[in-house]
Amino acid sequence: MRHLINVFRQPGLSGMPPGLQHLREEVGLSGEHWETSGSTWHTLAGLWLRAEVALGKSGRTDLSFKEIHQSVIPSQWKDWMCAKLMKTDMAPPSDAFGKIFTDYLSGLPVSTLRIGGSVMEEVWSRPGKTGIIGLLLCLFWQAEYSGAGKDWQENITRVESIFKAILAIPEL
């Protein structure tokens with residue numbers, strides 16, 4: 001019986017909220033990316049999970065289509081959010097996505113990355129499929145389609161700061 005359990009256990013980040021389980025491989029939290037990405041990615045994923053659970057206490061829900069379209073996040077991320085709300089798939093981003101995502105993160109107010117800062121003002125500061133899981137998705141896309149290089153490493157650090165800022169919010 002023990003052997004059968006191991007056959008059906010999917011390696012990857014454990015403890016994901018049930019509503020996000022189906023996104024594990026799509027955002028790099030299981031499958032080949034998970035197996036080859038190393039401790040930096042695994043540590044960031046654990047931090048995301050803690051922040052995701054904390055944001056669950058915020059009472060925020062998924063963004064509406066209107067809120068998504070009015071946001072200033074990269075268009076490919078918007079398309080993904082809309083596809084998830086409609087329960088459809090979408091084509092992967094272009095190889096230019098890495099630069100687009102780096103520019104987006106670099107353009108965030110510095111206070112977004114600081115403990116005690118303005119992270120909760122960001123449209124994606126919420127749990128669920130239109131929330132902070134998108135930051136992991138974008139990092140995964142950057143690694144898969146644009147090459148994980150210096151920009152990716154710097155973006156990992158930026159996203160880590162965002163997750164830590166969320167976890168430092170006393171009311172969460």
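The values are calculated or read from the model by the stated rules, or taken from the named source; none is laboratory data. Note that the coordinates shown come from a computational prediction; the quantities given were computed from them, not determined experimentally. Here Cβ is always computed from backbone atoms with ideal geometry, including for glycine, and neighbour counts include all displayed protein chains. To get the accessible areas, we keep the full protein, side chains included, count just its heavy atoms, and leave off ligands, DNA and RNA. Shrake-Rupley method; radii C 1.70, N 1.55, O 1.52, S 1.80 Å.
About its Cα centre, the dipole of the chain is roughly 480 debye, where the only charges are +1 on Lys and Arg Cβ and -1 on Asp and Glu Cβ. In summary, the aspartates and glutamates within cross-link reach of Lys57, defined as a Cα separation below 17 angstrom excluding same-chain residues under 8 places away, comprise Glu121, Glu122, Glu171. Could you tell me the relative contact order of the chain? Use alpha-carbon pairs under 8 Å, at least six residues apart, and round to a whole percent. Rounded, it is 29 percent for the chain. Counting Lys and Arg as +1 and Asp and Glu as -1 over every other residue whose Cβ lies under 15 Å from the Cβ of Gly38, the net charge comes to -4. Tilt of helix 150-167 relative to the longest C-alpha principal axis of the chain, in degrees (0 to 90, nearest 10)? With rounding to tens, the tilt is 80 degrees. Secondary-structure-derived ellipticity at 222 nm for the chain, considering helices only, amounts to -16500 deg cm²/dmol, per-run term -39500 (n - 2.57) for DSSP H runs with n ≥ 4. Calculated accessible area for the chain comes out at 52 Å² per residue, all protein chains present (probe 1.4 Å; ligands, DNA, RNA ignored). Equivalent-ellipsoid semi-axes for the chain (Cα gyration tensor, √(5λ), whole Å, largest first): 24, 19, 17. Listed by chain and number, the aspartates and glutamates whose alpha-carbon sits under 14 Å from that of Lys150, ignoring those within fewer than 8 places in the same chain, are Asp103. Relative to the longest principal axis of the Cα atoms of the chain, helix 133-146 runs at roughly 80 degrees.
One Cα centroid belongs to the stretch 98-148, the other to the stretch 6-82; the line between them spans 12 Å. Go ahead and set up a Gaussian network model of the chain, Cα springs under 10 Å, then flag whichever of Val159, Val119, Val110 fluctuates most. Most flexible of the set in this elastic network: Val110.
Is the C-alpha gyration tensor of the stretch 37-112 telling us rounded, prolate or oblate? Criteria: a/c under 1.5 is rounded; beyond that, a/b larger than b/c is prolate, otherwise oblate. Rounded is the answer for the stretch 37-112, as its axis ratio a/c remains below 1.5.
Helix 39-55 and the long axis of the chain differ in direction by around 60°, with both axes built from C-alpha atoms. Computed over protein heavy atoms with a 1.4 Å probe, the carbon and sulfur contribution to the accessible area of the chain reaches 54%. Along the chain, counting only trypsin sites (Lys or Arg not before Pro) with a DSSP assignment other than H, G, I, E or B and at most 14 other Cβ atoms inside a 10 Å radius, the longest segment between sites is 88-172.
Answer with one residue from Pro17, Trp34, Thr130: the one whose Cα lies farthest towards the positive end of the charge dipole of the chain, charges on Cβ with Lys, Arg +1 and Asp, Glu -1. It is Pro17.
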